[in-house]
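Note sheet for the following structure.
Read-outs: derived from the displayed coordinates by stated rules, not from any lab. If you're wondering where the values come from, they're calculated on a predicted model, not measured in any experiment. Heads up, the Cβs are rebuilt from the backbone with ideal geometry, glycines too, and the neighbour counts pull from every protein chain shown.
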Amino acid sequence: MKSLDATDRAILALLQEDADIPMAKLAEAVNLSPTPCWRRVQRLKEDGVITRQVALLDPAKLNLGVTVFVSVRTNQHSQAWFDRFHAAVTQIPEVVEFYRMSGEMDYLLRVVVPSIAAYDAVYKRLIAGSDLFDVSSSFAMEEIKLTTALPLDYAL
């Protein structure tokens with residue numbers, strides 16, 4: 001992969017704000033003509049810097065106003081256990097993020113649901129068939145900052 005220059009970073013910053021920006025407008029914003037700008041975008045895709053383009057949806061308008069952070073601890077650390085747990089978690093669409101952690105907890109999940117009752121149903125699916133030591137849920141009271149834009153100052 002070729003290292004990123006200032007123009008690549010500018011393209012990425014603009015695409016992170018609006019992936020639907022017309023190529024002509026993107027090119028103008030980064031002082032390129034459309035064809036070289038398009039080639040750069042294609043290279044960023046081929047290099048795996050741009051992994052996909054998606055639509056971001058408003059959870060409240062989809063009746064998903066409750067965000068739950070779920071901390072999971074286990075005393076099972078075999079690959080077979082993880083494979084079963086991973087398969088179970090990935091089958092739950094309300095789980096929108098899933099991380100293996102260091103420190104006190106083993107896994108952290110972010111779950112979006114319409115209500116506490118809906119989370120209870122997710123919780124029951126999560127623990128069914130999973131040998132978990134501890135599951136702790138924290139409900140977000142207020143969303144202070146949420147962004148999908150990554151900082152670009154560290155890009156090589």
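Of note:
- Charge context of residue 154, other residues only, Cβ under 15 angstrom, K/R +1, D/E -1: -2
- 10 Å Cβ shell holding at most 11 others, DSSP loop, trypsin sites (Lys or Arg not before Pro): longest site-free stretch of the chain: 53-144
- Dipole orientation for region 6-46: of the candidates 12, 35, 24, 35 has the Cα lying most toward the positive pole (charges on Cβ; Lys, Arg +1; Asp, Glu -1).
- Reachable lysines, given that their alpha-carbon falls under 30 Å from the alpha-carbon of residue 45 and they are not under 8 places away in the same chain: 2, 25, 145
- Of the GluC sites (Glu not before Pro) found in region 49-151, those in coil by DSSP whose Cβ has at most 12 other Cβ atoms within 10 Å are 104, 142, 143.
- Overall form of region 6-46 per C-alpha gyration tensor (a/c, 1.5; a/b vs b/c): rounded
- The chain, helix-only ellipticity at 222 nm - DSSP H runs n ≥ 4, -39,500 (n - 2.57), divided by all residues, nearest 500: -11000 deg cm²/dmol
- Region 96-156 versus region 2-45: alpha-carbon centroid distance in Å: 33 Å
- Set of aspartates and glutamates near residue 61 by C-alpha distance (under 19 Å), chain-local residues within fewer than 8 positions excluded: 94, 142, 143
- Taking other residues whose beta carbon is less than 14 angstrom from the beta carbon of residue 129, and scoring Lys, Arg as +1 and Asp, Glu as -1, yields +1.
- Cα gyration tensor, region 60-139 - rounded (a/c under 1.5), prolate or oblate: prolate
- Over the chain: Kirkwood hydrodynamic radius from C-alpha pairwise inverse distances, Å: 18.6 Å
- Among the chymotrypsin sites (Phe, Trp or Tyr not before Pro) in region 106-137, those placed in a DSSP loop whose Cβ has at most 14 other Cβ atoms within 10 Å are 133.
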